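Below: one structure, written as structure tokens.
We did not get these values from a lab; they are worked out from the coordinates using the rules stated. Quantities reported herein were computed from a predicted structural model and do not represent experimental measurements. No Cβ is skipped: glycine too gets one built from the backbone with ideal geometry, and neighbour counts run over all protein chains shown.
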Ligand code: PLP
């Protein structure tokens, strides 16, 4: 064997240059390092339900176990029939009647489908409108596909609602799609029908595709109503709805999500062919996870009890909201949905210039891991996100430590 004398360094592709995903970034690596050294870190950073004692409904687990012997082979790339049928019927029962089973794709979680769809849709230089703050996979996946993520403002002062005028002002001839995350991660906003209609109107006027991430659709509090964007968009606007089992059914690890394409699908044949091609190339989603879908969608919705008055998710959210707002210089909107709070740190009291470093300091000094706001493409270093999944005792401890850390900063 002849070996070249030239030393080589193995480098990632230039495509990754602008791809970021801080939710699992360097601060998590540092937390893991600290844990390996024997420190106990309070992790309030990721919406992973199982480690916080939120068990999946028994019927779902049982169906998955029972199906294991039959789930050894690849399935149809779009997914097993019973899962896609269940998704179709679910949407039909929510007013989305015109959904062809061939336009439903099952994926390894919503994450895979988001990346797959953006690869199929986006040409170099295309612009995709994404909320700020966002769930950062959306921005990362747009960058990976060669597109440009253009962030539109959501207004904290009005319940983190998207600002339609701001969206309009950012539309250019290169704008291809409008991303909506509802209920929203990280803000917890649940958009009203009026807001959603305004978004549909913008998409209709500018021939934009709606990409709607509704993974938290069943996690809504205090009577907030989640409306499916696809039901409002009807036949007028091509709408790609993403949802799945990770959150409401507490099976993040099963990696089971879906994509449903509705609206003027006859004009989207080429795009759907592209999605099908990429879907074929990854063979299929994890088949046992697909078997969980019918059991989940068809049966008793145990999440309802967790979000209702007295339910654990609601109690924890209320507790964290109260405690955070008691810290000097911290203000926080109440979340109408999802699993997070996104508090603001008064910039006059806490003149933070690098919020990742701020979060790292919190981790090192107080052993609490949260996610910094700029990691959600929020443009200012004045917010952070915490998950409301831990028990009240753990939240009390963690928020107490955050308060101490902020007090220390004020005293410095
Ligand atoms: N979309 C949003 C808004 C999320 O918050 C998450 C996970 O936290 C995902 C998508 C990914 O979900 P999945 O587990 O289905 O890949």
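Would you please classify the overall shape of region 94-211 from the alpha carbon gyration tensor, given that a ≥ b ≥ c denote the square roots of the eigenvalues, rounded means a/c under 1.5, and beyond that prolate means a/b larger than b/c while oblate covers the rest?
Details: a/c = 1.36, a/b = 1.14, b/c = 1.19.
Rounded shape, in that the Cα axes give a/c under 1.5.
Distance from the Cα centre of region 12-77 to that of region 318-370, in angstrom?
23 Å
Label residue 309 and residue 50 with points 7 Å out from Cα along Cα→Cβ: what is the distance between them in nm?
Placing both labels 7 Å along Cα→Cβ, they lie 3.5 nm apart.
Helix 81-92: angle to the longest alpha-carbon principal axis of the chain, degrees 0 to 90, nearest 10?
70 degrees
Percent relative contact order of the chain, based on C-alpha pairs within less than 8 angstrom and at least six residues apart? Show your work: numbers first, answer last.
Working: 801 pairs, mean separation 92.4, N = 412.
It rounds to 22 percent for the chain.
Express as a percent, rounded to the nearest 5, the fraction of DSSP beta bridges in the chain (both residues included) that run antiparallel.
50 percent
Distance between Cα centroids, region 99-152 to region 199-243: provide it in whole Å.
Value for the Cα centre distance between the two parts: 15 Å.
Going by alpha carbons, how many degrees (0 to 90, nearest 10) lie between the helix axis of 269-281 and the longest principal axis of the chain?
Its long axis makes an angle of about 70 degrees.
Treating the angle as unsigned and between 0 and 90°, give the value, to the nearest 10°, between the Cα long axis of helix 193-206 and the longest Cα principal axis of the chain.
On a 0 to 90 degree scale, this one is about 60.
Fewest first, what order do 283, 64, 1 take by the number of other Cβ atoms within 10 Å?
By the 10 Å Cβ count, ascending, the order reads 1, 283, 64.
What's the FRET efficiency of residue 269 with residue 68 using the Cβ-Cβ distance as r and R₀ = 30 Å, to the nearest 0.05?
0.25
Applying 1/(1 + (r/R0)^6) with R0 = 30 Å to the Cβ-Cβ distance of residue 89 and residue 123, what FRET efficiency is obtained, to the nearest 0.05?
For R0 = 30 Å, the calculated efficiency reads 0.30.
Under the classification rounded if a/c is under 1.5, otherwise prolate if a/b is larger than b/c and oblate if not, where does region 13-126 fall, given a ≥ b ≥ c as square roots of the Cα gyration tensor eigenvalues?
Oblate.
Let a ≥ b ≥ c be the square roots of the eigenvalues of the Cα gyration tensor of region 58-298; is it rounded (a/c under 1.5), or, if not, prolate (a/b larger than b/c) or oblate?
Numbers: a/c = 1.76, a/b = 1.40, b/c = 1.26.
Cα axes put region 58-298 in the prolate bin.
Please give the calculated 222 nm ellipticity per residue for the chain, where each DSSP H segment of at least 4 residues contributes -39500 (n - 2.57) and the sum is spread over every residue; nearest 500 deg cm²/dmol?
Taking each H run of at least 4 residues, the total per residue is -11500 deg cm²/dmol.
On the principal axes of its Cα set, how long, how wide and how thick is the chain? Give whole Å, largest value first.
67, 63, 51
What Rg and what Dmax come out for region 358-412 when only alpha-carbon atoms are used, in angstroms?
11.6, 32
Using Cβ contacts closer than 10 Å as the measure, can you line up 281, 34, 349 from fewest to most?
281, 349, 34
Set the Förster radius R0 to 35 Å, insert the Cβ-Cβ distance between residue 283 and residue 168 as r into 1/(1 + (r/R0)^6), and round the FRET efficiency to 0.05. Intermediate values should be presented prior to the final figure.
Numbers: r = 41 Å, r/R0 = 1.17.
Computed FRET efficiency for residue 283 and residue 168 comes out at 0.30.
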